[in-house]
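Inspection log for the structure reproduced underneath, given as structure tokens.
The values are calculated or read from the model by the stated rules, or taken from the named source; none is laboratory data. Worth saying up front: this structure is predicted, and the values here are computed from it rather than measured. Cβ placement follows ideal geometry from the backbone for every residue including glycine, while neighbour counts extend to all protein chains displayed. Note: accessible area is taken over every heavy atom of the protein model, side chains too, but ligands, DNA and RNA are not part of it. Shrake-Rupley method; radii C 1.70, N 1.55, O 1.52, S 1.80 Å.
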Amino acid sequence: MSSEKNLNLTLNVWRQKNAQTEGGFETYAAPGISTDMSFLEMLDVVNEELITKGNDPIAFDHDCREGICGTCSMVIDGRPHGPKERTTACQLHMRSFKDGDTIAIEPWRAAAFPVQKDLIVDRGAFDRIIAAGGFISAPTGSAQDANALPVSKQNADLAMDAAACIGCGACVAACPNASAMLFVSAKVSQLALLPQGQPERYIRVRDMIAQMDAEEFGTCTNHGECEAACPKGISVENIARMNRDYLKASLTYRPEVASGGAG
Ligand code: SF4
Ligand code: FES
């Protein structure tokens, strides 16, 4: 049985033509919104109305609408992904709001995530951090028998928890320093906890942090807002692990010596 009710809402939405122009809030009425709709479906309804009237629809990123792809970035009433814990904007339902509510909708705010249009930001900085080392390139041979490499249950669980990061960027948007430490530490940890990640473990952490700094993300000052905003519950323990690895990498780093030559 459907618990459907209809809400009459007012939306204050950030509108911005492109990265070069100034943005500002515009107000839209959103009448007759079913409580069974998702937040993105509600925006679809508002956009249909805007298109029908010949106006520019509100631009927002989305793909899976299942909490998997991490693209539905938006700040809803001051919180990345809205008021529900561990919920992406696409999985947020309108039953989380009350009839007559006014809802503010903005893009992620961080210098490293420039606004492209309305609610869409450029998160290419995350891709460049992954490209700096978030992978395994050491030869691992052909597929081995299952369990040929021993992995403790605890490490397997922690690696899986870290791998749950969907790269949405809510941690950056929630952090007062716009730090990307939670994201980077999840991507470092998922490989640092498994045998296959060991050959490049310290080069990886060094290079990914260097890229993170080059992208002008802020530093971590232990506010914990990132963990609170993360839709996948990534723990700040990953930041502690990354810091330990980074310290070890700094103490043991030697510039690479060119290979070749005699002997
Ligand atoms: S750590 Fe959490 S909030 Fe940050 S990018 Fe990953 S899933 Fe999103
Ligand atoms: S649209 Fe994929 S996580 Fe929201």
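When A186 is tested against the conditions (1) within 16 Å of ligand 2 (Cβ to nearest atom); (2) without any contact (Cβ under 8 Å) to a residue 40 or more places away in the chain, the lone failure is (2). Annotation note: of C90, C171, the sole residue that is in contact with a His (Cβ under 7 Å, 6 or more places away or on another chain), not hydroxyl-bearing (S, T, Y) and not in a loop (DSSP other than H, G, I, E, B) is C90. For the criterion of being more than 23 Å from A210 (Cβ to Cβ) and crowded, with 16+ Cβ neighbours inside 10 Å, K117 passes. Residue count for the range 93-108 satisfying the condition of being surrounded by 15 or more Cβ atoms within 10 Å (Cβ to Cβ) and assigned to a loop (DSSP other than H, G, I, E, B): 4. Against the list (1) among the aliphatic types (A, V, I, L, M); (2) open to solvent by 40 Å² or more (accessible area, probe 1.4 Å); (3) at pLDDT 95 or above; (4) more than 27 Å from I209 (Cβ to Cβ), the condition A143 fails is (3). Taking the condition hydrophobic (A, V, I, L, M, F, W, C) and open to solvent by 50 Å² or more (accessible area, probe 1.4 Å), does A59 pass? No. For the range 179-192, the criterion of a residue being surrounded by 15 or more Cβ atoms within 10 Å (Cβ to Cβ) and in contact with a strand residue (DSSP E or B) (Cβ under 7 Å, 6 or more places away or on another chain) is satisfied by at least one position.
Taking the range 1-40 only, how many residues are among the charged types (D, E, K, R), open to solvent by 70 Å² or more (accessible area, probe 1.4 Å) and in contact (Cβ under 8 Å) with a residue 60 or more places away in the chain? Residues in the range 1-40 being among the charged types (D, E, K, R), open to solvent by 70 Å² or more (accessible area, probe 1.4 Å) and in contact (Cβ under 8 Å) with a residue 60 or more places away in the chain: 2 in total. Within the range 67-92, restricting attention to residues that are within 13 Å of ligand 2 (Cβ to nearest atom) and of a type in the set (A, V, I, L, M, F, W, C), the residue that is surrounded by the fewest Cβ atoms within 10 Å (Cβ to Cβ) is I68.
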